[in-house]
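One structure below.
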Amino acid sequence: MTTAMKNYRIHAFLQTLSPLHITSPESARMKIEDSTVVYGESVGIPLNQVQRINVQGLGGATRAIPVIAANNLMGRMRRHGATKVLDALRRKGEKVAMSTYSALQCGAATGKPDGRDVLFTEYREASNHPYIGLFGGGPRMMRRNVRCFNAVPYMECSEIMFGRNKHPHLDDEIHKASDARKLTQCWILNRNDDLRELINLSQAQASITDFEKEITKRQEAILADSKGKAESGESSTRHTTRSFSSFEFVIPGVYFPLCFELMNVDDAQVGLFLLAFDSFAATERLGGHARNGMGQFSITDVMITDDGGNALAKDLFSESRLNSGDPFVQRFLQAWSVASEKMSGAELDRLFAPPPADEAKGKKAKAVEAV
């Protein structure tokens with residue numbers, strides 16, 4: 001088993017198996033007649049768009065294409081890695097402080113980072129830790145040694161984004177999308193109001209207290225809302241559940257090549273990353289509307305290369321799960337198993353500890369004096 005620090009790239013293909021909706025805050029509307037998207041107009045109905053990134057292709061034309069942002073992917077990967085760490089501690093009957101738990105989950109222990117300079121001894125200890133050396137974070141904002149690229153569909157306009165992060169098995173016939181406009185579709189969300197539409201009145205009358213009085217009061221309120229809407233030109237749905245909107249999604253079957261760079265990591269850290277990736281592939285649902293079956297995906301053709309792009313191993317996953325029986329994978333999992341047994345909650349609490357209260361007060365006092 002080696003403890004030498006090395007650089008790796010882990011490549012994979014994420015393919016959508018169901019509609020994918022990662023919301024963008026942009027304001028847009030959809031014309032009902034032809035499902036086209038319009039901006040800055042009052043026609044149509046409100047549309048929740050998917051997140052996109054503008055890409056200037058080789059020909060100079062700019063295209064907006066769907067994106068799964070790197071910070072989205074890494075935030076999820078961090079949490080899966082944290083779960084593996086906490087599981088290891090729980091097996092030994094250990095717990096961590098609340099601030100440590102926060103740092104494991106999202107990278108930040110508090111809303112204000114510790115501004116003290118990091119000593120070399122602290123940096124070396126954190127870098128050698130299976131979790132902190134991989135995902136970083138904490139009050140001292142230790143460096144994360146995993147780099148993640150924004151995931152976009154591979155197409156002519158996005159080829160410029162695939163340089164050193166290009167999957168060695170990227171195939172134009174299989175993975176290349178032809179037209180960005182065909183990658184998304186819009187659907188209408190129509191929420192009904194049974195009481196407003198007077199549906200199943202016998203059930204409502206048998207179930208609602210003072211039914212006739214209450215439904216008359218409700219109908220009068222809805223009519224008043226409708227009158228106010230007509231006069232002001234604004235929608236008002238205070239007294240009804242009826243709503244009419246639309247949302248956009250990436251269609252099933254689209255490939256998003258993934259690439260992670262692991263820089264200056266040891267075998268145990270690679271093992272933790274592979275386990276986190278396995279958990280991500282097995283349990284995650286990306287974006288919104290997961291309750292309606294959206295956000296499902298598969299992870300295929302996972303391989304690892306050195307930082308020069310030379311293949312070290314392929315087929316690390318099968319049917320979106322880690323091939324834990326593969327000898328190449330077992331080397332890293334064994335290293336993680338040994339390292340996880342040596343981890344302790346007390347060590348994590350110490351490494352993720354916020355600055356002492358007296359030091360924080362002293363810094364605040366000096367800042368006031370300087371003003």
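The values are calculated or read from the model by the stated rules, or taken from the named source; none is laboratory data. On a predicted model such as this, the values are computed, not experimentally measured, just so you know. Because the Cβ atoms are built from the backbone with ideal geometry, glycine has one as well, and the counts that use them run over all protein chains shown. These accessible areas exclude ligands, DNA and RNA; they are computed on the full protein's heavy atoms, side chains included. Shrake-Rupley method; radii C 1.70, N 1.55, O 1.52, S 1.80 Å.
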For this session: Among the residues of the range 79-91, write down those that are in contact with a helix residue (DSSP H, G or I) (Cβ under 8 Å, 6 or more places away or on another chain) and open to solvent by less than 70 Å² (accessible area, probe 1.4 Å).
Result: His80, Gly81, Ala82, Thr83, Lys84, Val85, Leu86, Ala88, Leu89
Problem set entry | Residue count, the range 263-311 (criterion: open to solvent by 20 Å² or more (accessible area, probe 1.4 Å), closer than 18 Å to Arg79 by Cα and of a type in the set (Val, Ile, Thr)) | 1
Exercise. In this structure, is Leu223 at pLDDT 80 or above and either surrounded by fewer than 16 Cβ atoms within 10 Å (Cβ to Cβ) or not in a strand (DSSP E or B) (or both)?
Worked result: no
For this session: Could you list all residues from the range 165-181 that are under 27 Å from Glu248 (Cα atoms), in contact (Cβ under 8 Å) with a residue 40 or more places away in the chain and open to solvent by 70 Å² or more (accessible area, probe 1.4 Å)?
Result: Ile174
Seminar exercise, completed: Taking the range 312-349 and keeping only residues that are of a type in the set (A, V, I, L, M), more than 14 Å from Asp267 (Cβ to Cβ) and open to solvent by less than 70 Å² (accessible area, probe 1.4 Å), one is left with Leu316, Leu322, Met343, Leu348
Seminar exercise, completed: With criteria (1) at pLDDT 80 or above; (2) open to solvent by less than 60 Å² (accessible area, probe 1.4 Å); (3) not polar (S, T, N, Q), Arg63 comes up short on (2)
For this session: Could you check, for the range 15-29, whether at least one of its residues is outside any loop (DSSP other than H, G, I, E, B), in contact with a Gly (Cβ under 8 Å, 6 or more places away or on another chain) and either among the small types (Gly, Ala, Ser) or at pLDDT below 95 (or both)?
Result: yes
Problem set entry | Residue count for the range 273-315, restricted to those that are in a strand (DSSP E or B) and on the phi > 0 side of the Ramachandran plot | 1
Exercise. Can you find even one residue in the range 152-164 that is in contact with a Gly (Cβ under 9 Å, 6 or more places away or on another chain), under 21 Å from Asp301 (Cα atoms) and open to solvent by 10 Å² or more (accessible area, probe 1.4 Å)?
Worked result: yes
Exercise. When the range 7-28 is examined, which residues are found to be under 18 Å from the mean Cα position of the chain (by Cα), free of Cβ contacts under 8 Å to residues at least 60 places away in the same chain and open to solvent by 30 Å² or more (accessible area, probe 1.4 Å)?
Worked result: Pro25
